[in-house]
Amino acid sequence: MPRQVKYWAVIPAAGIGSRMQADIPKQYLRIKGRFILEHTLEVFCSHPMIAGVVVVLAANDDNWRSLPGIGHAKVMTAPGGAERFNSVLNGLRYLHQHADNDDWVLVHDAVRPCLTHADIDHLVERLREHPVGGLLALPVRDTMKRANATGEVVETVSRSGLWHALTPQMFKLAMLERAIERAISESTLITDEAQAMELCGYRPQLVQGRAENIKITQRGDLPLAELFLANRE
């Protein structure tokens with residue numbers, strides 16, 4: 001009998017969140033009395049389909065030890081890298097101790113705490129038979145402007161076919177690992193996993209997600225995320 005494909009999560013959490021201008025990395029700011037990373041981690045740990053979660057941490061991360069749930073049976077940690085894609089690659093390499101090459105990996109931003117089980121279910125259902133994989137995303141609704149270095153509009157860009165990339169982004173372990181390694185070898189700075197796959201000639205599938213799945217990057221995002229979490233309850 002062939003081995004059943006498993007689903008794993010990698011959460012890069014080694015960033016310092018400089019745009020937040022906080023004393024601690026933004027994943028350790030609190031929403032509704034809990035760390036942002038705590039909310040994010042719980043979504044994956046409590047999902048029955050997720051076999052394990054690799055949290056990729058900075059070497060000097062002293063906040064992790066105070067996070068409730070780090071003793072959960074699904075939780076593993078790996079060392080972070082210089083950039084987000086380096087951290088993701090470290091997490092993928094660590095997963096080889098537990099996962100097979102053809103297992104699916106869901107890479108998710110640590111500071112997207114409003115993800116739900118329904119989001120994960122929807123992504124998996126759409127991609128489980130896909131030859132490449134893909135990502136949650138949102139169609140662009142607003143008029144798009146391109147600016148010059150001083151903030152002046154130089155062009156109105158058609159929003160037709162444009163999407164906002166979200167996470168999780170879901171790809172096969174070995175394929176994604178090779179794609180990131182290739183980008184690094186070619187000195188290409190990639191901003192998400194889908195881009196690494198695109199550079200290898202693959203076409204990741206866009207799966208429409210929810211607007212509530214926001215990435216917390218600025219102070220104003222905190223009360224919005226808190227509202228979304230409160231509405232969910």
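Rounded to the nearest 20, the Cβ-based charge dipole of segment 99-233 about its Cα centre (Lys and Arg +1, Asp and Glu -1) stands at 420 debye. Only helices enter the 222 nm calculation for the chain: every DSSP H run of n ≥ 4 contributes -39,500 (n - 2.57), and dividing by all residues gives -8500 deg cm²/dmol, rounded to 500.
May I ask you to derive the FRET efficiency for Glu181 and Val154 from their Cβ-Cβ distance with R0 = 25 Å, giving the value to the nearest 0.05? Calculated transfer efficiency: 0.10. DSSP finds beta bridges in the chain, and of those with both partners inside it, around 45 percent are antiparallel.
About the Cα centre of segment 7-232, how large is the charge dipole given +1 on each Lys and Arg Cβ and -1 on each Asp and Glu Cβ? Please answer in debye to the nearest 20. Don't skip to the end; give the middle numbers.
Details: 24 positive and 26 negative charges, 86 e Å.
Here the size comes out at about 420 debye.
Less than 5 angstrom separates the built amide H of Gly80 from those of Leu57, Ala58, Ala59, all sequence-distant by 5 or more or on a different chain. Computed extension length for Ala82-Ala230: 49.8 nm, one decimal, from 0.36 nm per residue of separation with the Cα-Cα distance subtracted. Within a straight-line Cα-Cα reach of under 20 Å, Lys6 can be paired with the following lysines, leaving aside sequence neighbours fewer than 8 residues apart in one chain: Lys74, Lys172. Its residue count N sets the reference 2.2 N^0.38 Å, and the alpha-carbon radius of gyration of segment 99-147 equals 1.49 times that reference.
Each Lys and Arg contributes +1 and each Asp and Glu -1, all at the Cβ; summed about the Cα centre of segment 31-130, the dipole is approximately 260 debye.
A viscosity of 1.002 mPa s and a temperature of 20 °C, combined with the Kirkwood radius over C-alpha pairs in the Stokes-Einstein formula, give segment 3-66 a diffusion coefficient of 164 µm²/s. Put simply, the convex hull of the Cα atoms in segment 7-232 casts, on average, a shadow of 13.3 nm². Here segment 19-104 is treated as an ellipsoid with the same Cα gyration tensor; its semi-axes, largest first and in whole Å, are 23, 17, 11.
Only the coordinates and a few stated rules stand behind these numbers; no lab work does. Predicted model, so just to flag it, every value in this text is computed and none were measured. Glycine also receives a Cβ, built like all others from the backbone with ideal geometry; neighbour counts cover every protein chain displayed.
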